[in-house]
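Heads up, the thing below is written out as structure tokens.
The values are calculated or read from the model by the stated rules, or taken from the named source; none is laboratory data. If you're wondering where the values come from, they're calculated on a predicted model, not measured in any experiment. Using ideal geometry, Cβ is built from the backbone for each residue, glycine included, and neighbour counts are taken over all protein chains shown.
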């Protein structure tokens, strides 16, 4: 997946799971069909917001996809992941990676 496809998939999933009454900067711009590229794949703050929509089991799977596992006490590996690595793990966790 290229960055634009990743960002669009994450934005659409977040909007579906947690619709927002305000216009977050990552919201898919339905009116024009345009998308501001590289928000999630280049910004840790945006990925942090996206991570908030994951439920508990998804969070565990997400940590594993980032290279760590709480049972092995190496879950901290995810803390050092880049925004691009987090975006990929996020999409793979949700089976949205193509």
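Below are the figures for this structure:
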{"read-out": "Residue match in the range 17-34 (condition: surrounded by 15 or more Cβ atoms within 10 Å (Cβ to Cβ) and either part of a helix (DSSP H, G or I) or at pLDDT 85 or above (or both))", "value": "no"}
{"read-out": "Selection within the range 35-56 - at pLDDT 80 or above and either in contact with a strand residue (DSSP E or B) (Cβ under 7 Å, 6 or more places away or on another chain) or outside any helix (DSSP H, G or I) (or both)", "value": "43, 52, 53, 54, 55"}
